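Read the figures in this text as sums done on the coordinates, not as results from a lab. Note that the coordinates shown come from a computational prediction; the quantities given were computed from them, not determined experimentally. Note that each Cβ is placed from the backbone with ideal geometry, even for glycine, and that neighbours are counted across all protein chains shown.
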Amino acid sequence: MERLIFHKDFKYKHFTSTILSGDLKDKIVRDEFLISQNLNPNNLVLANQVHSANIEIVESCNYNSFVDNCDGLITSDKSIMLGVFTADCVPLLITNGIIKAAIHAGWKGTYLGIIENTIRIFKKKFFVKAEDIEVYIGPHIRSCCYEVGKDFENIFNLELKNNKLDLSEIVFNKLKNLGIINIFDISKCTFCQENYFFSYRRDKTSKRMLSLIF
Ligand SMILES: [Zn+2]
């Protein structure tokens, strides 16, 4: 079993930690892990993650900090590493090779438009074309396990199958509709694969995996 996983077709530097690397929300564990991967913890920028659709553009003054009141970070600074913590929500790593973003997309942030907000910044602020953007979809709770109430049919304007929400498909379709072609879904479910991933729903844990783009 590996300490981290990655998508072989997403050609930019990235990974998601597994349960073997421990709770990377813990700073001591995280710093040790990053150093073991030859990465400098001081170059990491994280969002405090409040289930919003807010994105912040970050620079080197944000080094080694949590940015308040947002669930997505974007930077053009190549020395910065961007991270997102998850245990069931969808971690998205987005880049054209120059601009990069790390996004926390739970159902709420997805509903509120975090994916649209992120891609708008790529296009409008950084003049990146949709066809040049590549997206990594990390491990999250998938339609096999994500049981929700009937109210989600109205929230996402869809019909649930067996009371299960397919957040993967919702995220994928949003990206497609925004013109993105290169979408790399690692196709792993956090809830099913208990030897690999923390799952908030399964274990009510506060422990988190880290998805990183650098
Ligand atoms: Zn599952």
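Cβ separations smaller than 6 Å between residues 6+ apart or across chains give the following pairs from segment 202-213 residues that are over 14 Å from Leu82 (Cα atoms) to residues that are in a strand (DSSP E or B): Arg208/Phe85.
Across segment 135-151, what is the total count of residues that are farther than 14 Å from Cys189 by Cβ, of a type in the set (A, V, I, L, M) and buried (at least 16 other Cβ atoms within 10 Å of the Cβ)?
Narrowing segment 135-151 to residues farther than 14 Å from Cys189 by Cβ: 135-136, 148-151.
Keeping just the survivors that are of a type in the set (A, V, I, L, M) gives 135, 148.
Now narrow it down to the ones that are buried (at least 16 other Cβ atoms within 10 Å of the Cβ): 135.
Here the count works out to 1.
Exactly one condition in (1) within 14 Å of the ligand (Cβ to nearest atom); (2) crowded, with 18+ Cβ neighbours inside 10 Å; (3) not in a helix (DSSP H, G or I) is not met by Leu210; state its number. Of (1) within 14 Å of the ligand (Cβ to nearest atom); (2) crowded, with 18+ Cβ neighbours inside 10 Å; (3) not in a helix (DSSP H, G or I), only one is false for Leu210: (1). Please verify whether segment 119-132 includes one or more residues that are buried (at least 18 other Cβ atoms within 10 Å of the Cβ), assigned to a loop (DSSP other than H, G, I, E, B) and touching a residue at least 40 places away in the same chain (Cβ under 8 Å). Within segment 119-132 (the criterion being buried (at least 18 other Cβ atoms within 10 Å of the Cβ), assigned to a loop (DSSP other than H, G, I, E, B) and touching a residue at least 40 places away in the same chain (Cβ under 8 Å)), the answer is no, since none of the residues qualifies.
Let me confirm something: among Phe33, Phe66, which residue is of a type outside the set (S, T, N, Q), out of contact with any His (no Cβ under 9 Å at 6 or more places or on another chain) and touching a residue at least 24 places away in the same chain (Cβ under 8 Å)? Before you say what the answer is, go through the steps one by one.
Values: Phe66 fails: touching a residue at least 24 places away in the same chain (Cβ under 8 Å).
Going through Phe33, Phe66 in turn, the sole match is Phe33.
Contact map, segment 180-198: residues that are among the basic types (Lys, Arg) paired with residues that are part of a loop (DSSP other than H, G, I, E, B) and within 13 Å of the ligand (Cβ to nearest atom), Cβ distance under 9 Å, separation 6+ or inter-chain. Pairs shown: Lys188/Pro139; Lys188/Arg142; Lys188/Tyr196; Lys188/Phe197. The set of residues from segment 143-191 being closer than 30 Å to Val128 by Cα, within 12 Å of the ligand (Cβ to nearest atom) and not polar (S, T, N, Q) comprises Asp166, Leu167, Lys188. Looking at this structure, is Lys25 part of a loop (DSSP other than H, G, I, E, B), among the basic types (Lys, Arg) and in contact with a strand residue (DSSP E or B) (Cβ under 7 Å, 6 or more places away or on another chain)? Against the criterion (part of a loop (DSSP other than H, G, I, E, B), among the basic types (Lys, Arg) and in contact with a strand residue (DSSP E or B) (Cβ under 7 Å, 6 or more places away or on another chain)), Lys25 qualifies.
Could you list all residues from segment 192-202 that are aromatic (Phe, Trp, Tyr) and away from the ligand (no atom under 11 Å from the Cβ)? Passing the criteria: Tyr196, Phe198, Tyr200.
The set of residues in segment 152-191 being crowded, with 16+ Cβ neighbours inside 10 Å and in a loop (DSSP other than H, G, I, E, B) consists of Leu160, Leu165, Asp166, Leu178, Ile180, Ile186, Lys188, Thr190, Phe191.
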